[in-house]
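Structure, as structure tokens:
The values are calculated or read from the model by the stated rules, or taken from the named source; none is laboratory data. Computed from a predicted structure; not experimentally measured. Quick note on the areas: whole protein, heavy atoms, side chains included, nothing else; ligands and nucleic acids left out. Shrake-Rupley method; radii C 1.70, N 1.55, O 1.52, S 1.80 Å.
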Amino acid sequence: MDLQSRNHLLSLFAQIADGDAAAFTTLFNTYHSRIFSTALQYCKVREQANDITQLVFSIIWEKRASLPPVEDAEAWMWTITKNQTLKLLKRESYHKSYVSYARALFEEESDTPLHQLILRQKGEVIEGLIKALPARQEEVYRLSRYEGASYAEIAEKLGIGVETVKEHMAKALKKMKAQLLLYREEIISLLATVWLINRK
């Protein structure tokens, strides 16, 4: 980097430190592709490299008050890019290890205490969700899922239209799905805790 470019970059940093949005835009337009290319060299995935690039510029703006003391602005940006990329790769590695553990856990024998606990809790949660449904939705759901009745058979038994049956079923499934998503997060937390204990 020649002296003129170096001074120009330091000038941009000084302006950004003062909250100059135009200077920040100039920096973004000048260095976006370079930072993106640097991140891509490390992570090899364009979507991740783009996320890192956006994060780097967010950090520059959020930490603009600390820019004036920076002597080598370009090296400072490359350091941030490298650090954020390494953090992402570390998170990815952690996530892959956890997913592998969770998959292996559920492939083990079904009579393990943890597996039985999860199944029992899931059954209790689902039954609780069904009981919490409005009376007609619960009735439709049980006839469909527990007795295997078709919508037409349910409509005939309950004395309502098929479209009404479909509407009740759709609402029941929507409510249960929302609650089961919360339950899934609890299971993920449980598995993560077990995984961390096993790593020690």
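Rolling a 1.4 Å probe over the protein heavy atoms gives the range 1-82 an accessible area of 57 Å² per residue.
Derived scalar couplings between HN and Hα for the range 23-32 equal 5, 5, 4, 4, 4, 4, 5, 7, 10, 4 Hz in order, rounded to whole Hz, by the Karplus curve 6.51 cos²θ - 1.76 cosθ + 1.60 (θ = phi - 60°), x for Gly and Pro.
In order along the range 170-177, phi translates into HN-Hα couplings of 4, 5, 4, 5, 5, 5, 5, 4 Hz, rounded to whole numbers, per the Karplus curve 6.51 cos²θ - 1.76 cosθ + 1.60 with θ = phi - 60° and x for Gly and Pro. Take the alpha carbon gyration tensor of the range 1-65, find the square roots of its eigenvalues, order them as a ≥ b ≥ c, and report rounded if a/c is under 1.5; if not, report prolate when a/b exceeds b/c, else oblate. Verdict is oblate for the range 1-65. Cross-link pairs exceeding 31 Å between alpha carbons, from the set LYS82/LYS177; LYS157/LYS177; LYS90/LYS171: LYS82/LYS177; LYS90/LYS171.
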